[in-house]
Amino acid sequence: MINPLPFQPDMTLEPEVIAFFDQPTNTISYVVHDPSSKACAVVDSVMDINYPAGRITYDGADEIIRTIKEKGWELEWIIETHVHADHLSAAPYIQEKLGGKLGIGENITIVQDTFGKFFNEGTEFQRDGSQFDKLFADGDSYKIGNMTAYAMHTPGHTPACMTHVIGNAAFVGDTLFMPDSGSARADFPGGDARTLYQSSKRVLQLPKETRLFMCHDYGSDGKREVRWETTVGEEREHNIHLKDGITEDEFVAMREKRDATLDVPKLIIPSLQVNMRAGHLPTDSAGKPALKVPINGL
Ligand SMILES: [Fe+2]
């Protein structure tokens, strides 16, 4: 069943969107600006990690911070579309420099419970989402300057995935990929191909001219330049997994077959430990930043 949209999109509102591409993880971060004020939001930032060396840097986040400062904008929100398994969030670093409230979907508690157990975290790891400033429920609205933004629950890739719709722009996270790339995997714990189909179709109920911004693009496996912006109309006409006419059962069969062939993401171990903590690094018994590697757990 496809749930209806929980709000009425305002297509007359056209937020300014600046994209930042992170080459090592093929992630796209966004700054979304209200043209009628100085207010802006950041969606899905990236903290750089050299995992073999255990080294963290902030070049990508610094570029976002520099851009916002140069424009004279004020950061009101830092949004995570979901708990990413392939890159680390820079949300706390950006928040420390520019302020703003950090928000994620309310089902983060499910993700924290699952991976709290997986990483054998003690009771000091809270599983109530309290590391974030705001837990969004389906249909929640919030303000970025004079713009009203809406959070829409779009699970399937993970249980906590949200799509954020701001005027004629929608930030879909990993609910959809570019038309020639189809869809994201649905085989992480709590993921589900059938649910992903329903969430994708829910997003595709937005008006056809809605601008869709992806969280990832891989250049169609190197066949073209990386791109991250499309429209609902383009997806409905051309998406290789989700265009109009492809049934739920066809999608599920394709998705599950494909997921069975995919490798574990290179950065899943550090990403989950950091992102389930809202971008904070875990610490060892001496209080120093350190990551765990559970053996034969995945
Ligand atoms: Fe993801």
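The values are calculated or read from the model by the stated rules, or taken from the named source; none is laboratory data. Here the structure is a predicted model, which is why all the values come from computation and not from measurement. A quick note on method: Cβ atoms are made from the backbone with ideal geometry, for glycine too, and the neighbour counts reach across all protein chains shown. Just the protein is used for accessible areas: all its heavy atoms, side chains included, with ligands, DNA and RNA removed. Shrake-Rupley method; radii C 1.70, N 1.55, O 1.52, S 1.80 Å.
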When residue 268 is run through (1) touching a residue at least 60 places away in the same chain (Cβ under 8 Å); (2) open to solvent by 60 Å² or more (accessible area, probe 1.4 Å); (3) β-branched (Val, Ile, Thr); (4) farther than 30 Å from residue 206 by Cα, the failure sits at (2)
| Flag for residue 24 being within 16 Å of the ligand (Cβ to nearest atom), over 16 Å from the mean Cα position of the chain (by Cα) and either modelled with pLDDT under 95 or not small (Gly, Ala, Ser) (or both) | yes
Those residues of region 76-98 which are more than 16 Å from the ligand (Cβ to nearest atom) and open to solvent by 10 Å² or more (accessible area, probe 1.4 Å) amount to 76, 77, 92, 93, 95, 96, 97, 98
Does region 105-120 include one or more residues that are farther than 21 Å from residue 6 by Cβ, touching a strand residue (DSSP E or B) at 6+ places or on another chain (Cβ under 8 Å) and not in a helix (DSSP H, G or I)?
no
The one condition residue 184 fails out of (1) in a loop (DSSP other than H, G, I, E, B); (2) touching a Leu at 6+ places or on another chain (Cβ under 6 Å); (3) buried (at least 23 other Cβ atoms within 10 Å of the Cβ) is (2)
Restricting attention to region 135-181, the residues that are open to solvent by 10 Å² or more (accessible area, probe 1.4 Å), more than 16 Å from the ligand (Cβ to nearest atom) and in a loop (DSSP other than H, G, I, E, B) number exactly 9
Checking 86, 128 in turn, the sole residue that is within 27 Å of residue 21 (Cβ to Cβ), of a type outside the set (A, V, I, L, M) and touching a helix residue (DSSP H, G or I) at 6+ places or on another chain (Cβ under 7 Å) turns out to be 86
Within region 194-215, the residues that are out of contact with any Phe, Trp or Tyr (no Cβ under 7 Å at 6 or more places or on another chain), within 16 Å of the ligand (Cβ to nearest atom) and either aliphatic (A, V, I, L, M) or in a strand (DSSP E or B) (or both) are 196, 203, 212
